[in-house]
Amino acid sequence: MVRLCIAAFGLAVLGLLAGHAGAENYNVPIAYTDLKYQLIRQGVDKDFVLRTFADPRNRFMPDVVRKIAYLRKERAADYSHFLKPEVVARGRAYLKEHRVKLHQAMSLYGVAPEVIVAILTVETNLGNITGKYPVFNVFASLAVMDTPEVMAEADLSPNLQARLRKKAAWAGRELKIFLKYCQENRLDPYQYCGSWAGAMGYAQFLPSSLARCGKDGDGDGKVDLFTHPDAIFSIANYLSKSGFRQENRNTWRRAVLAYNNSDAYADTVLRLAAWY
């Protein structure tokens, strides 16, 4: 079962009871009008796009826009809280509890179980902290972050224009992939919550990573990154596609950096994996 964003779900219920589920939401930027038709021109189902944008759960997120606009490089201190005995103990217990799926993933993709568990530890505390931000709202907000209206509302410096344009284009691509995924699988786009950067599930995949590397680990015919088997298989597949080769330790760091291009992140993941 996909974990619902409780707050968003509650808003949806209230909206439906009030009879406004199909009403236009006026608390979002005018730039959303262009965004809607851009998505439709790119092949996302028109009715699905219009319904999603008209949903009362649609919220513009200026705080997320500011975070991405001023995102700084990660430092070792950002990960120091993972390098503690109690964290290592939980990781070892997870390895034991999920050893069957972890070894299946290792057999299929050639990825060390300890590295998979280390990534799950750093990303979501082994699936316990997956984020509270509605994925649709995150990417819709970011996709218009380079417009004058949004720059003014979020109080962004004009000097950031080049960065904003690049990030908006990235967010627009992720939003398109996410909406297509939801439409094709008959899913409510607002049921997914994740990080303020749009990553979701125990593995914290972006929509493009889900489309490219998501794997069904429990054989139920679908990919649900809010389940341990699917998260384990999907991480293993991602690292394998990024060049991870278990017999060659020199490939491990490069593959982990493909997951998150941060030296501090890679250092932490590989140190935890060694301790596990």
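The values are calculated or read from the model by the stated rules, or taken from the named source; none is laboratory data. Predicted model only: the values in this text are computed from it and were never measured. With ideal geometry, Cβ positions are generated from the backbone for all residues, glycine too; neighbour counts draw on all protein chains shown.
See the values below:
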{"read-out": "Any hit, segment 157-173, residues being at pLDDT below 95 and among the hydroxyl-bearing types (Ser, Thr, Tyr)", "value": "yes"}
{"read-out": "Of all residues making up segment 109-121, the number that are surrounded by fewer than 22 Cβ atoms within 10 Å (Cβ to Cβ) and of a type in the set (A, V, I, L, M)", "value": "1"}
{"read-out": "Only one of Gly243, Gly214 that is free of Cβ contacts under 8 Å to residues at least 24 places away in the same chain and surrounded by 23 or more Cβ atoms within 10 Å (Cβ to Cβ)", "value": "Gly214"}
{"read-out": "Helices (runs of 4 or more DSSP H) lying entirely in segment 112-154 (those with 1 or more residues that are in contact with a helix residue (DSSP H, G or I) (Cβ under 8 Å, 6 or more places away or on another chain), modelled with pLDDT under 95 and among the charged types (D, E, K, R))", "value": "148-153"}
{"read-out": "Entirely in segment 165-276, the helices (runs of 4 or more DSSP H) that have 3 or more residues that are among the aliphatic types (A, V, I, L, M)", "value": "228-241, 250-259, 263-275"}
{"read-out": "In segment 41-52, the residues that are assigned to a helix (DSSP H, G or I) and either touching a residue at least 60 places away in the same chain (Cβ under 8 Å) or surrounded by 20 or more Cβ atoms within 10 Å (Cβ to Cβ) (or both)", "value": "Phe48, Val49, Thr52"}
{"read-out": "Top-ranked residue of segment 18-40 - restricted to ones that are modelled with pLDDT of 50 or more and in a loop (DSSP other than H, G, I, E, B), ranked as surrounded by the fewest Cβ atoms within 10 Å (Cβ to Cβ)", "value": "Tyr26"}
